[in-house]
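One structure is given here, and the rest of the page talks about it.
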Amino acid sequence: MCLYFSILNSEDGEIFNNEEHEYASKKRKKDHFRNDTNTQSFYREKWIYVHKESTKERHGYCTLGEAFNRLDFSSAIQDTRRFNYVVKLLQLIAKSQLTSLSGVAQKNYFNILDKIVQKVLDDHHNPRLIKDLLQDLSSTLCILIRGVGKSVLVGNINIWICRLETILAWQQQLQDLQMTKQVNNGLTLSDLPLHMLNNILYRFSDGWDIVTLGQVTPTLYMLSEDRQLWKKLCQYHFAEKQFCRHLILSEKGHIEWKLMYFALQKHYPAKEQYGDTLHFCRHCSILFWKDYHLALLFKDSGHPCTAADPDSCFMPVSPQHFIDLFKF
C-alpha cells in the first residue's frame, strides 16, 4: 500500500512538474514575442484568407495590414529568390498605402525595413534597390508630416518624425557604403572568354545592372555597349507600339537602343521579374508562400487546400496585384 502511494505521489509530482515546466516555457515564449520589438508578430500559419465580403463562415474583412503581419516577410528577405519581391512590395506600400496600415502593421513594416537595410550594409547586395525604396519612403513621410491634420495618419506625429530621421540616417549609411575589394588569386571575371562574358550580360533584365557591370573593365564596357544587347532588353520590357512613340535615331539613322531603353523606362513600367512570389489559391481564396522543397518532399501546397488538383488553382501574385487585392 505504501509502495502504491509512493508511486502515485511520484507520478503526481512528475505530472505537476511537467505542467509547471510547460507553463513556464509558454510564458517565456509569450514574453519573448511581446518584448522583442524587432520581431514580426508571430503566427504559426504563413497564409491568410483574402475575402472581400462578410459571410456566416468568415466574419469581417481581411486588411492589407493584417496580411502584411501574417505572411512572414522577415523570413522571406533572407531568401535571395524572394528578397527583391519584398522590397518592391514595401516600395509600393510606401508610395500609396502607408496610411492604410494599422499601428502593429506599421511597426512590422519598419522592423522588416530595418532588417533589409542591415542586410544590405552587411552583404552589399543590391544597394541601389534599397536606396530607391528609402527615397520613395522619405518623400512620402515628408508629405505626410507636412500635411498632418489634412490626412489620416495612424500614430503619434513624433513617432513618424523619428522614423523619418531613421530613414535619413540609413540613406547616409548607404551613401557611405564602401565595397571591400576581394583578394582572390583564383579565376576572376576578367579571365572568362568573351562569349561567356557576353552570355552573362544577356541574362540581365535591368539596364542599370548592365551599365554598372560595364564599368568594371574596358572589355565589359565594350560588351555592355552592344546595340543588339539593348535591343533585346527593349523588346523584353516594352511593346513595338511604345518604340514608335519614343523612337531615337543616331546621325547615321540607326536606332539608339540604349537611349531608347532609358527613355521608355521613364514612360512605361518595365517588366517585373522575381525568383519567387506569393501565390493565390483561387479555390480557397488563400494568399501564401509556396515552399517548393516541402511541395516536392511531402506534397505540401503551403496551405490547407481542399481542391482535388491544388496546383491548377495557384496563380503567382505580383507586388502590385498584392496591393490590389485589398483595394475594396
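Whenever a residue of the range 276-288 is free of Cβ contacts under 8 Å to residues at least 40 places away in the same chain and of a type in the set (Lys, Arg), its partners that are part of a strand (DSSP E or B) and surrounded by fewer than 20 Cβ atoms within 10 Å (Cβ to Cβ), lying with C-beta atoms within less than 9 angstrom and at least six residues away or across chains, give the pairs ARG282/MET315.
When you go through LEU297, LEU287 one by one, which is the residue that is at pLDDT below 80 and outside the structural domain of ARG227 (by the TED database)? Result: LEU297 is the single residue among LEU297, LEU287 that is at pLDDT below 80 and outside the structural domain of ARG227 (by the TED database). I need a count of the residues in the range 144-177 that are at pLDDT 85 or above, part of a helix (DSSP H, G or I) and not basic (Lys, Arg). So the answer is 17.
Quick grid of which residues meet (1) modelled with pLDDT under 90; (2) more than 24 Å from ARG82 (Cβ to Cβ); (3) touching a strand residue (DSSP E or B) at 6+ places or on another chain (Cβ under 7 Å):
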position: GLU225; (1), (2), (3): no, yes, no
position: CYS234; (1), (2), (3): no, yes, no
position: ALA308; (1), (2), (3): yes, yes, no
position: CYS313; (1), (2), (3): yes, no, yes
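It is to be established whether one or more residues within the range 258-272 are under 30 Å from PRO304 (Cβ atoms), at pLDDT below 90 and within 32 Å of the chain's Cα centre (by Cα). The answer is yes; a qualifying residue exists.
Looking at LYS107, LYS115, LYS88, which one is in a helix (DSSP H, G or I), open to solvent by 40 Å² or more (accessible area, probe 1.4 Å), under 22 Å from GLN320 (Cβ atoms) and among the basic types (Lys, Arg)?
Selected residue: LYS88, the only one of LYS107, LYS115, LYS88 that is in a helix (DSSP H, G or I), open to solvent by 40 Å² or more (accessible area, probe 1.4 Å), under 22 Å from GLN320 (Cβ atoms) and among the basic types (Lys, Arg).
Of all the criteria given as (1) open to solvent by less than 40 Å² (accessible area, probe 1.4 Å); (2) touching a helix residue (DSSP H, G or I) at 6+ places or on another chain (Cβ under 9 Å); (3) of a type in the set (A, V, I, L, M), the one not satisfied by ALA263 is (2). Candidates LEU137, LEU98: the one that is more than 17 Å from PHE322 (Cβ to Cβ) and surrounded by 14 or more Cβ atoms within 10 Å (Cβ to Cβ) is LEU137.
Which is within 29 Å of ASP291 (Cα to Cα) and basic (Lys, Arg), of ARG163, ARG70? It is ARG70.
The values are calculated or read from the model by the stated rules, or taken from the named source; none is laboratory data. Predicted, not measured: the structure shown is a model, and the values here were computed from it. Neighbour counts run over all protein chains shown; Cβ positions are idealised from the backbone, glycine included. Surface accessibility is based on the protein's heavy atoms, side chains included, excluding ligands, DNA and RNA. Shrake-Rupley method; radii C 1.70, N 1.55, O 1.52, S 1.80 Å.
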